[in-house]
Each structure stands twice: as C-alpha cells, then as structure tokens.
Amino acid sequence: MSNKTLRVKVWRGRTSGELIAYDVPRFDNQTVLDVVMYIQRNLQPDLGFRYACRVGMCGSCAMNVNGKARWTCRTHVSKVAADGELEITPLSNLPVIKDLATNMEAFFDKWAEAKGQFKGERTRKDDFSRVSPQSRKREAADAGIECIGCGVCYSSCDVVTWRPDYLGPAAMNRAWTLMNDERDIKGAERLRAVAGDAGCHSCHTQGSCTERCPKQLSPTASIAGLKRLVMKAAIEGDL
Ligand code: SF4
Ligand code: SF4
Ligand code: FES
C-alpha cells in the first residue's frame with residue numbers, strides 16, 4: 001500500500017453485514033466524508049450514507065471512524081488515519097437503515113419526550129422580549145444552544161446502550177437550554193419529563209458525550225444543571 005493510498009474498511013449491511021475494504025487515493029486536506037463520497041462515486045455506487053451541508057452545520061454526516069463517533073465532513077483523514085487505515089461504521093445506539101445511514105427517529109423522539117420545544121406566551125402584537133446577554137440564565141442557555149443534532153454524543157453514551165429508553169445527552173442538553181430561556185413557559189412540564197427514571201438521574205457523569213461533541217458543548221454540565229433543578233423542585237414540593 002503506497003502512502004498515496006488509504007485502505008478503508010466500510011460497513012455494508014444492516015444489523016448483520018460485513019466490513020468491505022476499498023483502496024482510496026489520498027489527497028491534501030481530505031476529510032472522512034470525502035473518502036466515503038469517493039467510494040460511492042467510483043467504487044460502490046449503492047453505498048448508503050447521509051450528508052447535506054459539508055461544512056459542519058447540518059449534523060447529518062456523523063459516523064463511527066476507527067471506533068469513535070465523529071462528524072465526518074469536518075474530520076480530516078490526516079488526524080484519524082496516521083497509519084493509512086480507516087474503519088468506518090454507522091453510529092452506535094441507533095438502528096441501521098443501510099450501510100452507514102442510521103435511523104435517527106428515536107433520537108429526535110427523545111427531544112420531544114424531554115419537552116425540547118420552545119413555548120412562549122407573547123403574540124405578534126407584543127413587543128420583543130428583552131433578555132440581557134449578561135444574565136446568568138442567558139449565559140447558561142448560550143452554552144448549549146449550538147447543538148446541531150448530529151447524534152455523536154448519543155452514539156457515545158454507554159447509558160443509552162444499557163437502557164434504550166434513556167433520554168440521552170442531546171435531548172437533555174436541549175431541555176437545559178430551554179429551562180434557562182427566560183421567555184419559555186413550559187419549565188414545570190419539562191422538569192417533570194426529565195426527572196423520571198429515564199431522565200437526568202440515570203446519567204453516570206462519565207462524560208463521553210462532552211469529550212466527543214464536535215461543537216465543544218457539555219451535555220454533562222447541562223444534565224448536572226437539570227439534576228440541581230429537579231432536586232430543588234423536589235425539596236420545595238414542586239414535582
Ligand atoms: S455523561 Fe451522562 S449523558 Fe454523557 S455519555 Fe456519560 S452517561 Fe451519557
Ligand atoms: S450535543 Fe454535540 S454531539 Fe450531541 S447532538 Fe448536539 S452537537 Fe452533536
Ligand atoms: S454534512 Fe452537515 S455537518 Fe457534516
């Protein structure tokens with residue numbers, strides 16, 4: 001194998017399947033998504049995978065690369081394949097639709113279960129809400145708001161593997177940002193949703209989600225924030 005060529009093993013199939021090896025030419029600044037696209041365009045036209053923006057905004061291109069979940073459009077081959085080999089498999093903790101494409105339905109259903117939708121009370125006739133950028137709650141909301149829904153954290157979370165009903169890091173990060181949104185009026189309902197058995201208290205705080213999040217968010221800190229709110233509400237008899 002020349003250093004101008006990558007040996008790439010790619011998962012083909014669904015729950016059952018196999019790794020198939022391909023040789024892909026290397027080039028400067030090549031991303032893992034470039035590699036997958038090369039394979040589909042030149043070697044394996046029916047390879048299934050998902051992507052859209054190619055610039056780290058849409059969150060659709062996540063896959064396991066050499067055993068770790070990553071956003072493939074922003075992951076350079078030179079950083080993850082020092083020995084010239086790549087193994088690319090679908091995200092963990094989600095059913096596989098085909099090859100590298102997973103079904104994200106359960107992941108997003110859990111955002112809904114965690115009451116991840118904003119609910120305000122103003123109408124279009126009201127003035128804008130004014131939230132100070134310096135307020136403590138605004139800073140907490142800002143810290144979690146840039147989630148792109150890629151599923152990297154969800155795929156990396158052992159608790160999701162052990163108990164599939166666990167809401168998971170992304171849904172609870174979303175819930176925490178909304179708990180800190182001063183315009184939102186659904187806080188009590190949301191807190192009840194994340195206080196249950198499959199909610200924030202199941203998190204073991206090991207931090208794989210935070211270590212892997214490509215947007216450098218900290219779902220671990222968000223979940224810790226939810227635990228504090230749940231505890232306070234329980235002590236005050238509000239749950
Ligand atoms: S810190 Fe909690 S949510 Fe994050 S990976 Fe660990 S158990 Fe999962
Ligand atoms: S919290 Fe990070 S890893 Fe998880 S879905 Fe959002 S952007 Fe992706
Ligand atoms: S293709 Fe959109 S984030 Fe990678």
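Bear in mind that the values in this text are calculations on the coordinates, not laboratory data. For clarity, every value in this text was computed on a predicted model and none was experimentally measured. Here the Cβ positions follow ideal geometry from the backbone for every residue, glycine too, while neighbour counts run over all protein chains shown.
For the peptides 178-184, 164-170, the ranking by packing is 164-170, 178-184, with the highest mean count of neighbouring Cβ atoms within 10 Å listed first. Around the amide H of A62, modelled in the peptide plane, lie the amide H atoms of T72, all under 5 Å away and 5 or more residues distant in sequence or on another chain. The packing ranking of peptides 41-53, 196-208, highest mean first, is 196-208, 41-53, where packing means the average number of other beta carbon atoms within 10 angstrom of each residue. In the chain the Cα-Cα distances spread across 10 Å bins starting at 0 as 8, 29, 29, 19, 11, 4, 0 percent of all pairs.
Report the gain in length on full extension from T161 to I20: 0.36 nm times residue separation, minus Cα-Cα distance, nm rounded to one decimal. List each step's numbers first, then the result.
Values: separation 141, 0.36 × 141 = 50.76 nm, distance 2.55 nm.
Net length gain for the segment: 48.2 nm.
Were the residues from T205 through R41 laid out at 0.36 nm apart, the gain over their Cα-Cα distance would be 54.9 nm.
Ordering W11, W176 by the number of other Cβ atoms within 10 Å of each residue's own Cβ, fewest first, gives W11, W176. Label point of V131 set 7 angstrom out along Cα-Cβ; within the range 151-176, amide nitrogens under 15 Å from it belong to 173-176. Summarising the strand pairing of the range 7-158, around 80 percent of its internal DSSP beta bridges are antiparallel. Counting only alpha carbon atoms, the long axis of helix 219-235 and the longest principal axis of the chain meet at about 20°. For the range 147-162, the Karplus equation 6.51 cos²θ - 1.76 cosθ + 1.60, evaluated at θ = phi - 60°, returns couplings of 4, 9, x, 7, x, 4, 5, 5, 5, 8, 8, 5, 5, 4, 5, 6 Hz by residue, with Gly and Pro reported as x.
For the range 165-184 versus the range 1-72, the inter-centroid distance based on Cα atoms is 32 Å. Grouping the Cα pair distances of the range 5-102 into 10 Å bins from zero gives a pair-distance distribution of 17, 55, 27, 1 percent in increasing distance order. Taking 22 Å as the straight-line reach from the Cα of K137, the lysines in range (excluding those fewer than 8 positions away in the same chain) are K115, K119, K186, K215, K227, K232.
Only Cα pairs under 8 Å and 6+ residues apart enter the sum, and on that basis the relative contact order of the range 5-102 stands at 34 percent.
Per-residue 3J(HN,Hα) values for the range 10-16, derived from phi via the Karplus relation 6.51 cos²θ - 1.76 cosθ + 1.60 with θ = phi - 60°, read 10, 6, 10, x, 10, 4, 9 Hz in sequence order (x marks Gly and Pro). With Cα atoms as the point set, the radius of gyration and Dmax of the range 105-235 evaluate to 14.5, 48 Å.
Can you check what the net charge comes to around S78, using other residues whose Cβ is under 14 Å from the Cβ of S78 (Lys, Arg +1; Asp, Glu -1)? That works out to +1. Here the simple spin-label model places points 7 Å from the Cα toward Cβ, and for K215 and D109 these points are separated by 2.3 nm.
A crude spin-label estimate for the pair K119 and A233, with each label 7 Å from Cα along the Cβ direction, gives 1.1 nm.
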